[in-house]
């Protein structure tokens, strides 16, 4: 059972779909899609399967006040989203929780605890599409 820790701003910003016109709205749509993942088994980035127990999304900036849908735990970054995500990852790893972090940010990836499994936004968005967690119309 794995916790999916999502860099929400990084995932939202990975597709040029107009997110910059409404960052909170784009983040809310992503969180709504993520809410369908707890309890599902997904193809992991390495080709194995991963069972998603919990989803934790780190939000920052203009999206900090977006409501958390049921099924998604939201970490609201008081300052840097990268700081909040790396701190959250460290706490989860210290607690022995299997973790998969979703971000394309190389600097953030370098700050994660050694051995942390990481996937890019493309992997997550494809997994959401494949599991029927389509974007709202």
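The values are calculated or read from the model by the stated rules, or taken from the named source; none is laboratory data. None of the values given here were measured: they were computed from a predicted structure. No Cβ is skipped: glycine too gets one built from the backbone with ideal geometry, and neighbour counts run over all protein chains shown.
Just a few scattered comments:
- Counting only residues that are in contact with a strand residue (DSSP E or B) (Cβ under 9 Å, 6 or more places away or on another chain), without any contact (Cβ under 8 Å) to a residue 24 or more places away in the chain, farther than 22 Å from residue 20 by Cα and not in a strand (DSSP E or B), the range 60-94 holds 2 of them.
- Of all residues in the range 102-136, those that are within 23 Å of residue 17 (Cα to Cα) and outside any helix (DSSP H, G or I) total 12.
- Residue satisfying condition, being under 18 Å from residue 12 (Cβ atoms), modelled with pLDDT under 90 and either in contact with a strand residue (DSSP E or B) (Cβ under 9 Å, 6 or more places away or on another chain) or loosely packed, with under 15 Cβ neighbours inside 10 Å (or both), within set 134, 57: 134
- Top-ranked residue in the range 24-49 [being in contact with a strand residue (DSSP E or B) (Cβ under 9 Å, 6 or more places away or on another chain) and crowded, with 20+ Cβ neighbours inside 10 Å; ranked as modelled with the lowest pLDDT]: 42
- Meets criteria (closer than 14 Å to residue 127 by Cβ and either touching a strand residue (DSSP E or B) at 6+ places or on another chain (Cβ under 9 Å) or in a loop (DSSP other than H, G, I, E, B) (or both)) for residue 97: no
- Residue list for the range 32-59, filter: free of Cβ contacts under 8 Å to residues at least 40 places away in the same chain and assigned to a strand (DSSP E or B): 41, 49
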